[in-house]
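Colleague: Could you have a look at this structure, given as structure tokens, before my questions?
What follows draws every value from the coordinates through simple rules; no lab data is involved. All figures in this text were calculated on a predicted structure; none of them were measured in a lab. With ideal geometry, Cβ positions are generated from the backbone for all residues, glycine too; neighbour counts draw on all protein chains shown.
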Amino acid sequence: MDGPLTRGILDLQLLRKLWLGENTNIDFLVNLMVHIGVVAILPIADSNGFQRFLVPAMITEQMNVGDFSESKVLLKYLNITSVDGEYRISFRFDQDFTPAAYYNRVVTRLVTVWRESYTEKDPTILPNGCLLSIGHVRYVLILNTKGDTFIIDVLTSTKDHNDVIIPHVSKAMTDINNEMYRGNLHFGHSGQTKSFDLEQVGGTNH
Amino acid sequence: MLSYDIDDDDTVSSRKRALVFVQFCTQIGAVFSFDSIPGLQDYCILHRQWLLDTITYVVRDFKLHRFCRDCNAMNLNNGKSWTAL
């Protein structure tokens, strides 16, 4: 995979075609879909001025997680030359089953909360991962769902960036767990990060 | 979907009674309501399947599930919008 996908983007014109006859309910439905984490509103409108939405659930392809971690797209985005330059924190989920929609909700929440970070460039959704940012700090989420494993890796290019990003990602994950899953998902993180206590946001340190 | 719009000249208790009624209907599973979601408090969904069907028009496996309306949607902006999704 050398070039980024540009899929997972829905524009309002297309939404109106798909929701034929629901014109009066569109605002309500969009609001609801944002709230339940199905879509995130993107700050950049399309060339015709129509609102656009990110829909991570539309990317159903899977690829080898190892291949993704070493992909040129990822390395270029983080501005590093090899995986040796990555800083990685892994959020591991304890239970045998974690809903697949959870990861998509984390992505839409992070895009929604840090919407102003995408006024110049859209977030990029890829099979097994996505390229995101908070301000000028870039980071990558990688989803590993092989077998019973459900791990979300967060990658940055420097430790300082890692220290900035991890609390925000963790907060989004914990909030979604509490709001949508009644806190039933149990996860902890492993990896190096600065004085970050996951227990403060509802998780456990491994 | 029902939006409960109570006139300004109605008393506060009218609104409270309506909300309590909707909350009760939600608790017994008769309707969906969203009293904790900003912007959606004044709506409730009477027919749950409508909501599922509506979301399914957007989020689905397009290889398995197709609808007649897809034909119009696919031609929008010379197919660019469809491809982006």
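Colleague: Once each part is reduced to its C-alpha centroid, what is the distance from the range A:131-151 to the range A:69-129 in angstrom?
Modeller: 3 Å
Colleague: Explain nothing, just the number: dipole magnitude of the range A:1-61 about its Cα centre with +1 on each Lys and Arg Cβ and -1 on each Asp and Glu Cβ, in debye rounded to the nearest 20.
Modeller: My answer is approximately 100 debye.
Colleague: Taking the beta-carbon count within 10 Å as an exposure proxy, list A:R16, B:R17 from fewest neighbours to most.
Modeller: Taking fewest neighbouring Cβ atoms as first place, the list is B:R17, A:R16.
Colleague: Okay, moving on. Counting other beta carbons within 10 Å of each Cβ, put A:E22, A:E86 in order, fewest first.
Modeller: A:E22, A:E86
Colleague: Still on this model: Let me confirm one metric for peptide B:78-85, namely the mean number of other chain beta-carbon atoms within 10 Å of its residues' beta-carbons.
Modeller: 6
Colleague: Please give the average number of partner chain Cβ atoms lying within 10 Å of the Cβ of each residue in A:7-14, rounded to a whole number.
Modeller: Whole-number average of other-chain Cβ neighbours for A:7-14 is 5.
Colleague: Evaluate peptide B:53-61: per residue, the Cβ atoms of other protein chains within 10 Å of its Cβ; return the mean as an integer.
Modeller: Counting other chains' Cβ atoms within 10 Å and averaging over B:53-61 gives 6.
Colleague: Now a separate question. Report the paramagnetic label zone for A:A100: residues of the range A:44-63 whose backbone N is under 15 Å from a point 7 Å from Cα along the Cα-to-Cβ axis.
Modeller: Zone members listed by number: A:56-63.
Colleague: Going by how many other beta carbons lie within 10 Å of each one, how would you line up A:K17, B:K16, B:K63, fewest first?
Modeller: Ordered from fewest to most neighbouring Cβ atoms within 10 Å, A:K17, B:K16, B:K63 come out as B:K63, B:K16, A:K17.
Colleague: If you don't mind, another one. Give the residue from B:F24, B:A84, B:Y43 lying farthest towards the positive end of the charge dipole for chain B; charges sit on Cβ (+1 for Lys and Arg, -1 for Asp and Glu) and the dipole is referred to the Cα centre.
Modeller: B:A84
Colleague: For chain B, find the longest principal axis of its Cα atoms and tell me its angle to the long axis of helix B:12-27, 0 to 90°, nearest 10.
Modeller: Once rounded, the angle reads 50 degrees.
Colleague: Which peptide among B:72-84, A:149-161 comes first, and what is the full order, when sorted by highest mean count of other Cβ atoms within 10 Å?
Modeller: A:149-161, B:72-84
Colleague: Under the rule of at least 5 residues apart or a separate chain, name every residue whose amide H is placed under 5 Å from the amide H of A:T124.
Modeller: A:L131
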